[in-house]
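To keep things clear, I will list the structure first and then write my remarks on it.
The values are calculated or read from the model by the stated rules, or taken from the named source; none is laboratory data. Worth saying up front: this structure is predicted, and the values here are computed from it rather than measured. Here the Cβ positions follow ideal geometry from the backbone for every residue, glycine too, while neighbour counts run over all protein chains shown.
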Amino acid sequence: MKIVLVGYGKMGKEIEKILVSRGHEVIGKATKDNPLSSEMVKNVDAAIDFSTPDSVLDNINFLITHKIPSIIGTTGWNESYDEVKHRIDTEDGAMVHASNFSVGVNLFFKLNEQLAKLMEPYKEYTPEMTEIHHTEKLDAPSGTAISLATDLLQNHTQFNDWYCPQNDKKSKSGNKLKIEAVREHDVKGTHTISYQSKIDTISITHEAHNREGFALGAVISAEWIQNKKGIFTMKDVLALS
């Protein structure tokens, strides 16, 4: 495959390594100083976007317009999801989007759903969530934590929303699941979901040791989306739906 990378930070460089190791070619690297252009996306098989929340929606719309299958790992555009989906559906676009492309994390998503269903009848257990990332991470809570919270809330009726003390959405009034967002030096990403009672605690944790898992999942998604139309997630790529 011929690939354009949108964003060329630490993740972009890790993705490039895996693309090359799997026999693919990076033919363009879009950055703030070298934005996407029609010339850059000529004859490409896919674009992989790990850019920034303030640029991702413009990137998505550019790639749909130019009919480039897209792998979107940047978060922060959920409010525009319906609009993006409509464009993809009506213009025969193709996209895989995920808050986290790690195969392990997506298995963890499934485990979280199953645990929430299992714990639902036991009201003496209160769910909580903690996510830990490096100090350079701009958003809090992480997109992965929001995905985990959304899945938990859909399968467990104790709460109807979430809040995060480190986020604008910090009010805990009403029935809300707490997400604690911690920032520490050089942490790749740790997510823990706990069910606490007066007598014990049940917890599940996913800890990323490096960025390779995220990058590999993005490359696998780019390989998978070839000749497909529609909007997909890693559940589709890994047949976890």
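Some observations on this one:
- Any hit, region 88-108, residues being over 22 Å from CYS164 (Cα atoms), buried (at least 17 other Cβ atoms within 10 Å of the Cβ) and in contact with an Asp or Glu (Cβ under 8 Å, 6 or more places away or on another chain): yes
- Qualifying positions in region 214-235 - buried (at least 17 other Cβ atoms within 10 Å of the Cβ), out of contact with any helix residue (DSSP H, G or I) (no Cβ under 6 Å at 6 or more places or on another chain) and of a type outside the set (S, T, N, Q): PHE214, ILE220, ALA222, ILE225, PHE232
- Within region 1-39, being of a type in the set (Gly, Ala, Ser), outside any loop (DSSP other than H, G, I, E, B) and more than 20 Å from GLU136 (Cβ to Cβ) holds for SER21, GLY28, ALA30.
- Residue in region 38-49 that is under 22 Å from the mean Cα position of the chain (by Cα), in contact (Cβ under 8 Å) with a residue 60 or more places away in the chain, crowded, with 20+ Cβ neighbours inside 10 Å and under 13 Å from PHE214 (Cβ atoms) present: yes
- Qualifying residue in region 90-97 (condition: among the hydroxyl-bearing types (Ser, Thr, Tyr) and either in a strand (DSSP E or B) or over 22 Å from LYS228 (Cα atoms) (or both)): no
- Flag: GLU223 matches the condition of being more than 15 Å from the chain's Cα centre (by Cα) and in the same structural domain as VAL26 (by TED's automatic domain parsing).
- ASN112 vs. criteria outside the structural domain of ILE220 (by TED's automatic domain parsing), under 17 Å from THR233 (Cα atoms) and modelled with pLDDT of 95 or more: yes
- Annotation: of all residues in region 123-153 being part of a helix (DSSP H, G or I) and either touching a strand residue (DSSP E or B) at 6+ places or on another chain (Cβ under 9 Å) or without any contact (Cβ under 8 Å) to a residue 40 or more places away in the chain (or both), the one that is nearest to VAL103 (Cα to Cα) is THR144.
- Consider region 59-82 and keep the residues that are part of a loop (DSSP other than H, G, I, E, B) and farther than 16 Å from ALA47 by Cα. The one that is modelled with the highest pLDDT is TRP77.
- Taken together, the residues in region 40-58 that are closer than 16 Å to ILE220 by Cα and part of a helix (DSSP H, G or I) amount to 0.
- Residue check, VAL103 in contact with a Gly (Cβ under 7 Å, 6 or more places away or on another chain) and among the β-branched types (Val, Ile, Thr): yes
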